[in-house]
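Chemist: Below is one structure. I have some questions about it.
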Amino acid sequence: MRSLLQSLLPLLVILSLPATGQTTPPPPMPDAPQPVVHPLKVRDPNAVSAQPAIVNGRPYQRPTQREYFTDYLKDSYGLPAFARSTVRTLYNYGLDQPKGWGQDFPGFMQRFGSNVAITAIDGNVRYGMEELFHEDLRYIPCHGCNAKHKLENALLAEFTARHARDGHRFFTLTPVVADFSGPIIAHTIWYPDGFNPFGGVVATRTVFATRVGSHLFREFVLERRHYDPKEPPRPARTPPPAPAPAQP
């Protein structure tokens, strides 16, 4: 028995050795992390943002129907409308235009009534197109801007409007059509020179001038004196320290 085990021992040793050319397989590698692909960020002007949009240095909110109507009443029949009508009346009276109304008090009142009607027609056309095309034609003064930006804001208001929730500016013909409508109707219906639509086209320059002038008045007079209680007070200027006396 002992001799049998001694004869089998070399065979067991040979069988226990690894086969020639056989290697131990490497441990499995963990899966590499896949890169996260973010979707393209597309600007949606109607998306509700956590922070309000800033227009001309102030938070912007889309006006409600009540605010639309209130702005229409002020622009057509309020104090700004009365001021623009009065300025155009004084201009027409000084140039005796139209000549058929004379240079007396009744002539002045005829011009004033005509300009009030022109302002009302312009405001109604403006309000109707504003509601139809969902535009925001309110004038927003440029808060904290320099003179150049204030002038640009006053001029661009006659060719642009605000749109969507962020209040971005885009080109529109609504202010232009509204400014032309009143003078053309006046020179077609009740002016003493009779049917003269071209005269209304020429007279639109005074409507445009008085409207831009009212914007400039708000920019350089009212806005400079405006105080917003929500804004933090400006820090007071401290005088510079006095120089130390020279040592002898």
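Chemist: Name the pairs whose Cβ atoms lie under 9 Å apart, with the first residue in region 52-76 and in contact (Cβ under 8 Å) with a residue 60 or more places away in the chain, the second exposed (fewer than 13 other Cβ atoms within 10 Å of the Cβ) and assigned to a strand (DSSP E or B), and 6 or more positions between them or separate chains?
Modeler: A53/P59; Y60/I54
Chemist: Turning to a different aspect of this structure: Give region 102-114 a look and list any residue that's in a helix (DSSP H, G or I) and without any contact (Cβ under 8 Å) to a residue 24 or more places away in the chain, or say none.
Modeler: F105, P106, G107, F108, M109, Q110, R111, G113
Chemist: Among what's in region 48-102 and is β-branched (V, I, T) and in contact with a helix residue (DSSP H, G or I) (Cβ under 6 Å, 6 or more places away or on another chain), pick the residue that is nearest to I118 (Cα to Cα).
Modeler: Looking at residues that are β-branched (V, I, T) and in contact with a helix residue (DSSP H, G or I) (Cβ under 6 Å, 6 or more places away or on another chain), I get T89.
Chemist: Next question. Return the total of residues in region 115-136 being in a loop (DSSP other than H, G, I, E, B) and touching a Ser or Thr at 6+ places or on another chain (Cβ under 9 Å).
Modeler: Within region 115-136, residues that are in a loop (DSSP other than H, G, I, E, B) and touching a Ser or Thr at 6+ places or on another chain (Cβ under 9 Å) number 1.
Chemist: Tell me which residues, restricted to region 50-94, are touching a strand residue (DSSP E or B) at 6+ places or on another chain (Cβ under 8 Å) and either at pLDDT 95 or above or not charged (D, E, K, R) (or both).
Modeler: Those that are touching a strand residue (DSSP E or B) at 6+ places or on another chain (Cβ under 8 Å) and either at pLDDT 95 or above or not charged (D, E, K, R) (or both): P52, A53, I54, V55, P59, Y60, P63.
Chemist: Let me ask you something else. Do you know which of the residues in region 76-134 that are among the aromatic types (F, W, Y) and closer than 30 Å to R66 by Cβ is surrounded by the most Cβ atoms within 10 Å (Cβ to Cβ)?
Modeler: Y127
Chemist: Are any residues in region 164-198 within 22 Å of M109 (Cβ to Cβ) and touching a Pro at 6+ places or on another chain (Cβ under 8 Å), and if so, which ones?
Modeler: Passing the criteria: H187, T188, Y191, P192, D193.
Chemist: Follow-up question, since we're still on this one. Starting from region 80-101, take each residue that is farther than 18 Å from S214 by Cβ and part of a loop (DSSP other than H, G, I, E, B) and list its partners that are charged (D, E, K, R) and at pLDDT 95 or above, counting only C-beta distances under 9 angstrom and pairs at least six apart or across chains.
Modeler: Pairs found: Q97/R111; P98/R111.
Chemist: Something else now. Just a yes or no: is a residue in region 186-202 of a type in the set (D, E, K, R), surrounded by fewer than 16 Cβ atoms within 10 Å (Cβ to Cβ) and at pLDDT below 95?
Modeler: The answer is yes; a qualifying residue exists.
Chemist: Could you please tell me which pairs satisfy a Cβ distance under 9 Å, a separation of 6+ or placement on different chains, a first residue in region 165-179 that is without any contact (Cβ under 8 Å) to a residue 12 or more places away in the chain, and a second residue that is buried (at least 18 other Cβ atoms within 10 Å of the Cβ) and not aliphatic (A, V, I, L, M)?
Modeler: From residues that are without any contact (Cβ under 8 Å) to a residue 12 or more places away in the chain, the pairs are F170/E135; F170/T160; F170/R162; F170/H163.
Chemist: Among what's in region 135-163 and is among the aliphatic types (A, V, I, L, M) and surrounded by fewer than 16 Cβ atoms within 10 Å (Cβ to Cβ), pick the residue that is nearest to the chain's Cα centre (by Cα).
Modeler: Within region 135-163, the match that is nearest to the chain's Cα centre (by Cα) is L156.
The values are calculated or read from the model by the stated rules, or taken from the named source; none is laboratory data. Fair warning: this is a prediction, and the values are worked out from it, not measured in the lab. As a convention, Cβ positions derive from the backbone with ideal geometry for all residues, glycine included, and neighbour counts pool all protein chains shown.
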